Amino acid sequence: FAKSSTLCRTSSEDECELKEYCNGTSGECTANQWVMDGHPCSRNTAFCYRGACQTADKQCQDIFGKGAKNGPLACYEEINGQRDRMGHCGSNHSGYQSC
């Protein structure tokens, strides 16, 4: 066994995932650990959720694909100002359109 406090697993590039250290009594790494959901990340512009920093760009990429980016605030204000329950910038046959 590696001695206690030996780095067992490095964290991913996501600041919401923590490094894991050996406990000195097992040949296995400890369970994957994350900071608490709701902890601020990305220079206080986003929040951690389930081990990932949920930035607006990341959420756009999850929905619209690689390369998608967060829209300008004016887009959110315009769309949300209309009280559209979908809160997006339009849709077509392939899904929602990013702002």
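Points to keep in mind about this one:
- Residue ID - modelled with the lowest pLDDT, chosen from residues in segment 5-25 that are more than 13 Å from Cys41 (Cβ to Cβ), in contact with a Phe, Trp or Tyr (Cβ under 8 Å, 6 or more places away or on another chain) and not in a strand (DSSP E or B): Ser5
- Test result for Lys58, at pLDDT 75 or above, outside any strand (DSSP E or B) and in contact with a helix residue (DSSP H, G or I) (Cβ under 6 Å, 6 or more places away or on another chain): no
- Any hit, segment 29-38, residues being part of a strand (DSSP E or B), over 21 Å from Gly95 (Cα atoms) and at pLDDT below 90: yes
The values are calculated or read from the model by the stated rules, or taken from the named source; none is laboratory data. Please read all numbers here as calculations on a predicted model, not as lab measurements. Cβ sites come from the backbone with ideal geometry, for glycine too, and all protein chains shown count toward neighbours.
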